[in-house]
Amino acid sequence: MYNRWQGKCDACGAWNTLAQEASGPPVPVPGASRAAARGKGRIFPLEGLQGASMDAPRVPSGIGELDRVTGGGFVPGSVILIGGDPGIGKSTLLTQAGAVMARAGHRVAYISGEEAVAQVRLRAERLGLNDAAVELAAETHVEDIVATLSHGVVPRLAIIDSIQTMWTSSVEAAPGTVTQVRGSAQALIRFAKTTGTTVILVGHVTKDGQIAGPRVVEHMVDAVVSFEGDSGYHFRILRAVKNRFGPTDEIGVFEMTGRGLAEVSNPSALFLSGRDLSAAGTAVFAGMEGTRPLLVEIQALVAPSSLGTPRRAVVGWDPSRLSMVLAVLEAHGGLKLGQHDVYLNVAGGLKITEPAADLAAAAALVSSLAGVALPADTVHFGEIGLSGAVRPVAQAQARLKEAAKLGFNRAVTPPPARDQGEKTPLAVTTASHIADLVARIAAGGRRNPRPSNG
Ligand SMILES: Nc1ncnc2c1ncn2[C@@H]1O[C@H](COP(=O)(O)OP(=O)(O)OP(=O)(O)O)[C@@H](O)[C@H]1O
Ligand SMILES: [Mg+2]
């Protein structure tokens, strides 16, 4: 918020996007304790935590990977905001979800503010879905939309593509402005809560990955889901950022095909496809995304630098985590990396947030520096502490089972945690300190010397 005219928005860097907003009357204090003190205001009963409660009922969308992310299906009366880069496939996903629900006999409305009805039809035709009884309209006026959808049987699902194109006559501002987006979202949320319709709002994303428009919309809705992917790859990840009715650590994996988005039920196989088994500098990380294990390849390149300050670049992982692992390798692993450029990449364009990836990243870095390829049938996981100790991580068994399922024979893990008591299907080597890892990789290089380039 600025208290004078300003051309550039400091938050997103865009020009001429700020709109003037008059300050309204003072906001009443919730609970109106002052009014009550004056003898006004209704007295309401206060209740205890114990008492009648009910589970949120669910309407499965029929798309397993989408239901996994929402926590088992759409909750009636809830509002979901879905954000994603332009062209990532938001409209495709929602057209597919809408069609599947309509085929299951639910009333589904698809309101497009961005495309004409003919364009939406064209997409449905390409996806082979135009026999589904989805009700379409190209509209942007929220009051008209609410009136139309409230008429007759209210829809089970209403898709609004996108919230940035909507406008409401309750506020005086141009469409796309913060005030309009907020006002329109408010009206659509009220519609969802009063009718029990599940409303999905599509939201655009700014350059730095934030859902455009006011952050406040993210607070108003019940769930925020982001649809991610790299334009260079075919797969797309659906991730819950906020969910009032379910977990936020589950991901849904899809593959973009000519016939739309296909569910990927075995993502590890997808992320490991095309692996160069004999290259130095790659390690397979046995990760977890929510309740599902996910194997990915971590690639590192450590090369002598010609720059005064060597370069460090990382794709798909936290750069500060890389700096930390490098510092620990130098301080406790005896490596000299000060004169080397370091690049780290999570193959396939996936973004990893788990600290359990530390050990796999360290293995890839050491392997690249030593020029020694790691055994191709080995997975790694473990968190590295600043002291160089490798710490146990959660769900070790699930990670090992997934690795065994995909044909891996060996694992390098932290010392066993409590849940690792049972027999594992793999040959497990424990590394309790980063120095163990460095020593083992160096020994591997001495056993199988790599042919020199000359
Ligand atoms: N004829 C086609 N054949 C195959 N794939 C296509 C075809 N047309 C579009 N696509 C795929 O669909 C994607 C666009 O999907 P969609 O329109 O659902 O994206 P969106 O996220 O809704 O984009 P926007 O931000 O523009 O609304 C394209 O990036 C492309 O990968
Ligand atoms: Mg779209």
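The values are calculated or read from the model by the stated rules, or taken from the named source; none is laboratory data. All values derive from a computational prediction rather than experimental measurement. A quick note on method: Cβ atoms are made from the backbone with ideal geometry, for glycine too, and the neighbour counts reach across all protein chains shown. Quick note on the areas: whole protein, heavy atoms, side chains included, nothing else; ligands and nucleic acids left out. Shrake-Rupley method; radii C 1.70, N 1.55, O 1.52, S 1.80 Å.
Is there a residue in the range 379-389 that is surrounded by fewer than 20 Cβ atoms within 10 Å (Cβ to Cβ), outside the structural domain of residue 230 (by TED's automatic domain parsing), of a type in the set (A, V, I, L, M) and in a strand (DSSP E or B)?
So the first thing to find is which residues in the range 379-389 are surrounded by fewer than 20 Cβ atoms within 10 Å (Cβ to Cβ), and the list is 383, 385-389.
Filter once more, keeping what is outside the structural domain of residue 230 (by TED's automatic domain parsing): 383, 385-389.
Within this subset, residues satisfying the condition of being of a type in the set (A, V, I, L, M) are 386, 389.
Pick out the ones that are also in a strand (DSSP E or B) and you get 389.
Yes.
Could you figure out which of (1) open to solvent by 40 Å² or more (accessible area, probe 1.4 Å); (2) of a type outside the set (Lys, Arg); (3) away from ligand 2 (no atom under 16 Å from the Cβ); (4) farther than 23 Å from residue 242 by Cα isn't true of residue 119?
Every condition holds for residue 119 apart from (3).
Could you tell me which numbered condition residue 181 fails, if it satisfies all but one of (1) under 26 Å from the mean Cα position of the chain (by Cα); (2) in a loop (DSSP other than H, G, I, E, B)?
(2)
Among the residues that make up the range 211-233, is at least one of them assigned to a loop (DSSP other than H, G, I, E, B), open to solvent by 30 Å² or more (accessible area, probe 1.4 Å) and of a type outside the set (Gly, Ala, Ser)?
The answer is yes, given that some residue of the range 211-233 is assigned to a loop (DSSP other than H, G, I, E, B), open to solvent by 30 Å² or more (accessible area, probe 1.4 Å) and of a type outside the set (Gly, Ala, Ser).
Here's the yes/no breakdown for (1) farther than 15 Å from residue 253 by Cα; (2) assigned to a loop (DSSP other than H, G, I, E, B); (3) touching a Gly at 6+ places or on another chain (Cβ under 6 Å); (4) within 16 Å of ligand 2 (Cβ to nearest atom):
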{"position": "57", "(1), (2), (3), (4)": "yes, yes, no, no"}
{"position": "65", "(1), (2), (3), (4)": "no, no, yes, no"}
{"position": "69", "(1), (2), (3), (4)": "no, no, yes, no"}
{"position": "72", "(1), (2), (3), (4)": "yes, yes, no, no"}
{"position": "76", "(1), (2), (3), (4)": "yes, yes, yes, no"}
{"position": "81", "(1), (2), (3), (4)": "yes, no, yes, yes"}
{"position": "87", "(1), (2), (3), (4)": "yes, yes, no, yes"}
{"position": "91", "(1), (2), (3), (4)": "yes, no, no, yes"}
{"position": "95", "(1), (2), (3), (4)": "yes, no, no, yes"}
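Residue-by-condition table, conditions (1) away from ligand 1 (no atom under 16 Å from the Cβ); (2) surrounded by fewer than 18 Cβ atoms within 10 Å (Cβ to Cβ); (3) more than 13 Å from residue 142 (Cβ to Cβ):
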| residue | (1), (2), (3) |
| --- | --- |
| 159 | no, no, yes |
| 163 | no, no, no |
| 168 | yes, no, no |
| 178 | yes, no, yes |
| 189 | yes, no, no |
| 192 | yes, no, no |
| 198 | yes, no, yes |
| 202 | no, no, yes |
| 205 | no, no, yes |
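Could you please give the count of residues in the range 97-146 that are of a type in the set (A, V, I, L, M, F, W, C) and in a loop (DSSP other than H, G, I, E, B)? I'd like the intermediate steps shown before the answer.
From the range 97-146, those of a type in the set (A, V, I, L, M, F, W, C) are 97, 99-102, 104, 108-109, 111, 116-118, 120, 122, 124, 127, 129, 132-134, 136-138, 142, 145-146; that's our starting set.
Narrowing further to those that are in a loop (DSSP other than H, G, I, E, B): 104, 116, 127, 129, 132-133, 138.
Within the range 97-146, residues that are of a type in the set (A, V, I, L, M, F, W, C) and in a loop (DSSP other than H, G, I, E, B) number 7.
Please state which of the following conditions residue 263 fails to meet, knowing it meets all the rest: (1) over 30 Å from residue 127 (Cα atoms); (2) of a type outside the set (Gly, Ala, Ser); (3) open to solvent by 70 Å² or more (accessible area, probe 1.4 Å).
(1)
I need the full set of residues from the range 1-19 which are open to solvent by 80 Å² or more (accessible area, probe 1.4 Å) and at pLDDT 75 or above, in order please. So that I can check it myself, show each step before the final result.
Here is the first cut: in the range 1-19, the ones open to solvent by 80 Å² or more (accessible area, probe 1.4 Å) are 1, 3-5, 8, 10-11, 15-16.
Once the filter is applied, which keeps residues that are open to solvent by 80 Å² or more (accessible area, probe 1.4 Å) and at pLDDT 75 or above, the range 1-19 yields 3, 4, 5, 8, 10, 15, 16.
Within the bounds of the range 66-76, is there any residue that is more than 16 Å from ligand 1 (Cβ to nearest atom), hydroxyl-bearing (Ser, Thr, Tyr) and modelled with pLDDT under 95?
yes
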